[in-house]
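Remarks on the structure that follows.
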Amino acid sequence: MTTMTFLQLNDVHGYLHEHPEWFLQDGKETFRQVGGYARLKTMIDRIRAEEEHVVLFDNGDTFHGTYPVVKTKGESLIPILNELGFDAMTGHWDFAYGPEHLQQLVQQLNYPFLANNCFQKETDELLFPPSLLLPIGDTMIGIIGIASPIIAKTMPASFSEGVYFTNGDEHLQKDIDDLKERGAELIVILSHLGFPQETKLAESFDDIDIILSGHTHNRLTEPATVNDTLLIQSGCHGSFLGKLTVTVERGKIVHYTHELLEAEAGIPEHAETKALVEEAMAPFEQPLQQVIGTTELPLHRNAQLETTMDTVLLEAIAEAARATIAFSNGWRYGAPIEAGPITLEQLYEIIPTNPPVSTATLTGQDIWEMLEENIHATFASDPLEQKGGYLKRMLGITLYFKVENAYPFRIQQLFVNGEQIERDKQYNVAFVTVQGVPEKYGTNRQNLTIHAIDALREYIASRGTIRIELPQQIHLI
């Protein structure tokens, strides 16, 4: 009989140090300072000191999301991650600099990147190992990694250059059987599919004991149990550490406890890790602290249909392009900005890739089809047809839709700048990235010379103080 503790970080998105996080308290939105790798290291070390068998996993979305991490293409994170002592990771946005660069990053880590579903196009061979055998006490556990398959479906083409992805379930039984033949008594899935997809995975396979879930930023305060499989997911931005302790007897979990641990401000920071964070921040700290303006109301992304953070981005790119219609992706990442000063660092947290502001001409039919497709990708009843993120963000569009309807019959009414959409009319739109307007839609696509961060800077600086409220133009009926 062995008692072991699984620690989980998922979707940290490059947040090196303490930052604001969004909470609901007594039915109201509130914000607290949390997180940072130095604080997480203290939490991890305390648990390791208290318990005999502890393993630590990273579900990915690690090498991306903040200016220092993006600017160094993930290199600045390597010493910090190695200091924490992970046992394995998988990923999604970690492919942002191309699969070849991700391989170079992984070679510098003191633990493996696992993905049973990322294949090289030329050879059909796996780019990374699919699994890992790990002895814990007198129990052998098998860990299988599944990277996000939407990398090749919705992300820029460079993310998946030379590789292709499957959903991970096609080879999963073979991976499980292989691990069991090699002595694994407990099967753990380290996944970046997303919670809806992982619940379906648990329903479909009888031999999975634990799924460490990522991608959808769920804060699970207790494990979800599906087909005798325990699933946990632990928020985002490094604001939380997931802790699942299980007792295993004869290859079966006979007891478990779980905590979602907040990386709260009162926890001291680990000195050596803090020094590594400061070293990573040092080349960028001074320019990033430049104050661009002030916001009267908080800006955040913690909502499915519309958010204040995305509204300011849309208004900025529309103004830069002299357009009245704008689209961007429904990104989940990005820590909130509390009422008060807005720094350059926070602008990069809104849109860390800093893409060019783009324009295109879309017909009313293009807009209708694009939104139907996006609604389906967000709310499909089959989790494997969901493609991540919140609903597409839009400005100048008023949308009424029925989520329960089948694709492509969800949109009931669609208005452009207050007028009923005309299917054959042409509309000039602004957008950022192919996730905002996929390449198959529209004509006359062009990138402007201004990029998203400068559009935001000019928009905020010209006003000094902004007050962004929800447009309330997206209606679920």
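Quick notes
- Some residue of region 206-220 being closer than 25 Å to PHE31 by Cα and part of a strand (DSSP E or B): yes
- Only residues that are assigned to a strand (DSSP E or B) and either farther than 27 Å from PRO287 by Cβ or of a type in the set (A, V, I, L, M) (or both) were counted in region 424-459, giving 12.
- Yes/no for LEU305 being farther than 23 Å from MET394 by Cβ, hydrophobic (A, V, I, L, M, F, W, C) and within 24 Å of the chain's Cα centre (by Cα): no
- Every residue from region 1-19 that is touching a Gly at 6+ places or on another chain (Cβ under 9 Å), assigned to a strand (DSSP E or B) and not aromatic (Phe, Trp, Tyr): THR2, THR3, MET4, LEU7, GLN8, LEU9, HIS19
- Here LEU220 does not fit the description of being in contact with a Leu (Cβ under 9 Å, 6 or more places away or on another chain), over 26 Å from THR42 (Cβ atoms) and touching a residue at least 24 places away in the same chain (Cβ under 8 Å).
- Only one of the listed residues (ASN110, ASN116) is in a loop (DSSP other than H, G, I, E, B), surrounded by 24 or more Cβ atoms within 10 Å (Cβ to Cβ) and of a type outside the set (D, E, K, R). That residue is ASN116.
- Selection from region 425-455 of residues that are β-branched (Val, Ile, Thr) and either closer than 24 Å to LEU391 by Cβ or surrounded by 15 or more Cβ atoms within 10 Å (Cβ to Cβ) (or both): VAL429, VAL432, THR433, VAL434, VAL437, ILE450, ILE453
- Within region 68-94, the only residue that satisfies the criterion of being of a type in the set (Ser, Thr, Tyr) and outside any loop (DSSP other than H, G, I, E, B) is SER76.
- Qualifying residue in region 220-228 (condition: surrounded by fewer than 21 Cβ atoms within 10 Å (Cβ to Cβ), charged (D, E, K, R) and at pLDDT 95 or above): yes
- Residue in region 37-54 that is among the hydroxyl-bearing types (Ser, Thr, Tyr), in contact with a Lys or Arg (Cβ under 8 Å, 6 or more places away or on another chain) and either part of a loop (DSSP other than H, G, I, E, B) or farther than 22 Å from ILE350 by Cα (or both) present: no
- Verdict on HIS64 being crowded, with 16+ Cβ neighbours inside 10 Å, in contact with a helix residue (DSSP H, G or I) (Cβ under 9 Å, 6 or more places away or on another chain), in contact (Cβ under 8 Å) with a residue 12 or more places away in the chain and over 26 Å from GLY145 (Cβ atoms): no
Yes/no matrix, rows are residues, columns are (1) aliphatic (A, V, I, L, M); (2) touching a helix residue (DSSP H, G or I) at 6+ places or on another chain (Cβ under 6 Å):
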{"residue": "PHE240", "(1), (2)": "no, no"}
{"residue": "HIS258", "(1), (2)": "no, no"}
{"residue": "HIS270", "(1), (2)": "no, yes"}
{"residue": "GLN290", "(1), (2)": "no, yes"}
{"residue": "LEU297", "(1), (2)": "yes, no"}
{"residue": "ALA321", "(1), (2)": "yes, no"}
{"residue": "GLU338", "(1), (2)": "no, no"}
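- Only one of THR433, THR443 that is in contact (Cβ under 8 Å) with a residue 24 or more places away in the chain, under 18 Å from ASN374 (Cβ atoms) and either of a type outside the set (Asp, Glu) or outside the structural domain of THR294 (by TED's automatic domain parsing) (or both): THR433
- Matching helices (runs of 4 or more DSSP H) fully within region 307-380 where at least 2 residues are under 16 Å from GLY442 (Cβ atoms): 308-321, 364-379
Per-residue answers, yes or no, for (1) of a type outside the set (Asp, Glu); (2) out of contact with any Pro (no Cβ under 6 Å at 6 or more places or on another chain); (3) touching a residue at least 60 places away in the same chain (Cβ under 8 Å):
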| position | (1), (2), (3) |
| --- | --- |
| GLU269 | no, yes, yes |
| THR273 | yes, yes, yes |
| ALA282 | yes, yes, no |
| GLU285 | no, yes, no |
| ARG301 | yes, yes, yes |
| ALA316 | yes, yes, yes |
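- The set of residues in region 127-172 that are assigned to a strand (DSSP E or B) and either more than 21 Å from the chain's Cα centre (by Cα) or at pLDDT below 95 (or both) comprises SER131, LEU132, LEU133, LEU134, PRO135, ILE136, THR139, MET140, ILE141, GLY142, ILE143.
- Being surrounded by 24 or more Cβ atoms within 10 Å (Cβ to Cβ) and of a type in the set (Phe, Trp, Tyr) is a description that does not apply to TRP22.
- When the test is whether a residue is surrounded by fewer than 20 Cβ atoms within 10 Å (Cβ to Cβ) and either of a type in the set (Phe, Trp, Tyr) or not assigned by TED's automatic domain parsing to the domain that holds TYR67 (or both), SER381 passes it.
- The condition (being of a type in the set (Asp, Glu) and within 26 Å of ALA282 (Cα to Cα)) is satisfied by just one residue among GLU18, GLU29, GLU50: GLU18.
- Residues that are aromatic (Phe, Trp, Tyr) and either in contact (Cβ under 8 Å) with a residue 40 or more places away in the chain or in contact with a helix residue (DSSP H, G or I) (Cβ under 6 Å, 6 or more places away or on another chain) (or both) within region 396-411 comprise TYR400, PHE401, TYR407, listed in sequence order.
- Any hit, region 178-192, residues being assigned by TED's automatic domain parsing to the domain that holds ASP138, within 17 Å of THR5 (Cα to Cα), in contact with a helix residue (DSSP H, G or I) (Cβ under 9 Å, 6 or more places away or on another chain) and not aliphatic (A, V, I, L, M): no
The values are calculated or read from the model by the stated rules, or taken from the named source; none is laboratory data. Keep in mind it's a predicted model, so treat the numbers as computed, not measured. Note: ideal-geometry Cβ built from the backbone for every residue, glycine included; neighbour counts use all protein chains shown.
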